[in-house]
Amino acid sequence: MNRVDERKWVIKIIFQNEFNEIDLKKLDFYITENGLEPSKFIVSSLTSILKNIEKIDEIIKSKLQTNRSFENMLPIEKAILRVSINEFVIQKHVPTSVSINEAVECAKEFSNPDSYKFINGILSSVAKDI
C-alpha cells in the first residue's frame, strides 16, 4: 500500500473515532479488523493523533472564523484536518506543502464540494504559524 492510500485509511479510522472512541491499547487489533497491515506509518500516525487530539483540536479551533464552530464541522473535515496537522505540526514527518495538498485532495474525494477550500484555508493558516 502506498503512502496516499495509507493516509486515506488513517483519515477513515480517525473519522470512525469521532463516533466510537478507539482504545490505544487495541489499536493493532482495530487496524487488522479493518483489513489493514499495521504499517509503521499507519500505527505511528494513529497513535500520535489519538495521543494529541486535544492539542490538534485546539489548533483547529484557533483558526476558525467566528461564523464557524468546531462542533458544527463535518466529522470528515475534522478527520482530514487532524491527520494533516499531525503530519506537519506534531510529527513533522511530512513536508507542509505535501500534507496540505494531500488533505485538499482527500477533502475533494471524501467531503462536500466546497470543503477543500475550507481545509486549505485552515491548513494554510496553521502553516503560517510554524
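Side notes on the structure shown:
- Likely footprinting exposure, 130, 13, fewest C-beta neighbours within 10 Å first: 130, 13
- Each of 68, 7 was scored by other Cβ atoms within 10 Å of its Cβ. Listed from fewest to most, they are 68, 7.
- Local electrostatic count at residue 46 - Lys and Arg +1, Asp and Glu -1, tallied over other residues with Cβ under 14 Å: 0
- Degrees, to the nearest 10: 115-128 long Cα axis against longest axis of the chain: 80 degrees
- Nearest 10 degrees, 0 to 90: helix 53-63 Cα axis against the chain principal axis: 20 degrees
- Segment residue 51-residue 3, extension gain: residue separation times 0.36 nm, minus the distance between their alpha carbons: 15.1 nm
- Acute angle (nearest 10 degrees) that the helix 40-51 long axis makes with the longest principal axis of the chain, alpha-carbon atoms: 60 degrees
- Under 25 Å from residue 108, Cα to Cα: lysines that are on another chain or at least 8 residues apart: 8, 12, 61, 63, 78, 92, 117, 128
- Sequence-separation-based contact order of region 3-128, relative, with Cα cut under 8 Å and 6+ spacing, percent: 25 percent
- Neighbour-count order for 88, 19, fewest beta carbons within 10 angstrom listed first: 19, 88
- Among the GluC sites (Glu not before Pro) in region 1-40, those located in a DSSP loop and surrounded by at most 14 other Cβ atoms within 10 Å of their own Cβ are 18, 21.
- Top positive-direction residue, dipole computed over region 1-127 with Cβ charges, set 32, 50, 13: 50
- Cross-link partners of residue 55 among aspartates and glutamates, defined as those whose alpha carbon lies under 20 angstrom from its own and excluding same-chain residues fewer than eight positions apart: 18, 21, 23, 71, 77, 87, 129.
- Over the chain: helical MRE at 222 nm, DSSP H runs n ≥ 4 each giving -39500 (n - 2.57), nearest 500: -20500 deg cm²/dmol
Values quoted throughout were computed directly from the atomic coordinates according to the rules given, and no laboratory measurement underlies them. The shown structure was predicted, so the numbers you read here are calculated from the model rather than taken from an experiment. Cβ atoms come from the backbone with ideal geometry, glycine included; neighbour counts cover every protein chain shown.
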